[in-house]
Ligand code: CNA
Ligand code: ZN
């Protein structure tokens with residue numbers, strides 16, 4: 001028996017089984033941040049951080065948008081964000097856009113928390129799937145924000161409406177004219193479909209529909225950012241839309257990750273890189289199961305941060 005080999009194997013075992021954080025709880029994640037002085041934190045967010053502002057998410061049973069689209073008479077719920085369907089029938093999207101139009105909602109404590117990370121110079125980037133622009137309203141700087149599913153901030157002519165039976169080309173090119181939200185906002189709020197003044201095409205806000213590419217900024221930022229990331233926080237998303245959902249696999253495998261959400265998600269085994277909130281060896285992922293706003297408040301307490309704004313905002317906001 002080669003005792004040298006056994007010793008090496010034992011050392012390797014100990015190294016690979018060493019915990020990164022001490023338990024799967026939020027406090028262990030915060031202990032790690034303090035002990036390791038992390039300052040390249042990436043925050044990934046979804047519709048769950050905006051529900052306490054009064055904006056429904058997609059998939060929550062009962063209150064989510066997908067359960068409440070009957071009035072739009074859609075062939076299937078996702079059609080409302082399907083580019084092919086939109087080109088044939090833009091009206092349902094605009095009816096929804098009128099209801100959800102940015103401007104009538106206030107940022108939540110969870111948005112404020114991300115801004116707090118920025119103020120403390122700990123935020124490397126906020127990757128959001130949301131299109132409600134509440135990050136901008138919370139004051140998060142443009143350069144720290146990646147709006148992965150686009151924004152209502154700008155819009156583009158996507159060409160004329162298609163006939164019911166016409167196959168829509170992808171990519172769908174209009175005359176290329178671009179617009180700012182102020183150019184089309186009033187039309188949308190008046191319940192009309194905005195039209196391109198040059199070619200009479202449909203003007204579509206630059207939010208990413210199913211069947212469309214994510215913005216160039218998303219693709220150009222992710223590789224450098226996720227390599228550099230020293231802690232990952234995921235808040236208020238079901239992690240069910242790719243490629244966004246795959247970002248949690250991009251951080252180095254010794255980087256701790258925290259999920260704050262009402263339900264567990266992201267645990268699918270992707271080459272051993274899905275969240276694991278149960279393992280007893282090499283604990284790396286932490287979970288706060290509850291509302292986003294409660295989670296960020298507890299986070300802040302664990303870190304010993306005093307932020308009266310956040311506490312006040314939490315009292316004002318209805319926790320959903
Ligand atoms: P989703 O699939 O609806 O998932 C939301 C997740 O958040 C679910 O896991 C919920 O359980 C959870 N959740 C909801 N409310 C809370 C809460 N208060 N506290 C804790 N957890 C909560 O939405 P995703 O963002 O994952 O899906 C991506 C889609 C949704 C993106 O393309 C967005 O554009 C789209 N979307 C955005 C908005 C918005 O901008 N506010 C609203 C609705 C949908
Ligand atoms: Zn046009």
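The values are calculated or read from the model by the stated rules, or taken from the named source; none is laboratory data. Every value quoted in this text rests on a predicted model; they were computed, and no experiment measured them. Please note: Cβ atoms are built from the backbone with ideal geometry, for glycine as well, and neighbour counts cover all protein chains shown.
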Please indicate, with yes or no, whether at least one residue in region 148-166 is at pLDDT 95 or above and either closer than 30 Å to residue 301 by Cβ or part of a helix (DSSP H, G or I) (or both).
yes
If residue 187 passes every condition in (1) touching a helix residue (DSSP H, G or I) at 6+ places or on another chain (Cβ under 6 Å); (2) assigned to a helix (DSSP H, G or I) but one, which one does it miss?
(1)
Single residue of region 46-55 satisfying the filter (more than 14 Å from the chain's Cα centre (by Cα) and more than 6 Å from ligand 1 (Cβ to nearest atom)) that is surrounded by the most Cβ atoms within 10 Å (Cβ to Cβ):
53
Quick one: would you say residue 140 is touching a helix residue (DSSP H, G or I) at 6+ places or on another chain (Cβ under 8 Å), under 12 Å from residue 45 (Cβ atoms) and in a helix (DSSP H, G or I)?
no
Enumeration of residues in region 129-165 that are within 25 Å of residue 88 (Cα to Cα), buried (at least 18 other Cβ atoms within 10 Å of the Cβ) and away from ligand 1 (no atom under 13 Å from the Cβ)
155, 156, 157, 158, 159, 162
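State whether the residues of region 179-188 include one that is within 16 Å of ligand 2 (Cβ to nearest atom), surrounded by 13 or more Cβ atoms within 10 Å (Cβ to Cβ) and modelled with pLDDT of 95 or more.
Step one: filter region 179-188 for residues within 16 Å of ligand 2 (Cβ to nearest atom), giving 179-180, 183-184, 187.
If we keep only those that are surrounded by 13 or more Cβ atoms within 10 Å (Cβ to Cβ) as well, we get 179, 183-184, 187.
Still in the list and also modelled with pLDDT of 95 or more: 179.
Yes, region 179-188 contains a residue that is within 16 Å of ligand 2 (Cβ to nearest atom), surrounded by 13 or more Cβ atoms within 10 Å (Cβ to Cβ) and modelled with pLDDT of 95 or more.
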Among the residues of region 197-211, which ones are more than 11 Å from ligand 1 (Cβ to nearest atom) and under 21 Å from residue 102 (Cβ atoms)?
202, 203, 204, 205, 206
Just give me the residues in region 220-247 being surrounded by fewer than 20 Cβ atoms within 10 Å (Cβ to Cβ), under 25 Å from residue 57 (Cα atoms) and more than 9 Å from ligand 1 (Cβ to nearest atom), in sequence order.
242, 243, 246
Of the residues that sit in region 12-31 and are surrounded by fewer than 20 Cβ atoms within 10 Å (Cβ to Cβ), modelled with pLDDT of 95 or more and assigned to a helix (DSSP H, G or I), which one is farthest from ligand 1 (Cβ to nearest atom)?
31
What are the pairs, 6+ residues apart or on separate chains, where a residue within region 133-159 that is farther than 22 Å from residue 213 by Cβ and within 16 Å of ligand 2 (Cβ to nearest atom) has its Cβ under 7 Å from a residue that is at pLDDT 95 or above and outside any loop (DSSP other than H, G, I, E, B)?
none
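For every residue, the table says whether it meets (1) in contact (Cβ under 8 Å) with a residue 60 or more places away in the chain; (2) touching a helix residue (DSSP H, G or I) at 6+ places or on another chain (Cβ under 8 Å); (3) within 16 Å of ligand 2 (Cβ to nearest atom).
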| residue | (1), (2), (3) |
| --- | --- |
| 100 | no, no, no |
| 108 | yes, yes, no |
| 117 | yes, no, no |
| 124 | yes, yes, no |
| 128 | yes, yes, no |
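So which of 285, 225, 253, 276 is at pLDDT 95 or above and more than 30 Å from residue 64 (Cα to Cα)? Step through it out loud before you land on a result.
On the way: 285 fails: more than 30 Å from residue 64 (Cα to Cα); 253 fails: at pLDDT 95 or above; 276 fails: more than 30 Å from residue 64 (Cα to Cα).
After ruling out the rest, the residue left standing is 225.
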The condition from (1) outside any loop (DSSP other than H, G, I, E, B); (2) farther than 17 Å from residue 234 by Cα; (3) under 20 Å from the mean Cα position of the chain (by Cα) that residue 61 misses is numbered (1)
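Can we say residue 216 is touching a residue at least 40 places away in the same chain (Cβ under 8 Å) and either more than 15 Å from the chain's Cα centre (by Cα) or under 18 Å from residue 149 (Cβ atoms) (or both)? Before you say what the answer is, go through the steps one by one.
Details: touching a residue at least 40 places away in the same chain (Cβ under 8 Å): no; either more than 15 Å from the chain's Cα centre (by Cα) or under 18 Å from residue 149 (Cβ atoms) (or both): yes.
Judged against the criteria, residue 216 is not a match.
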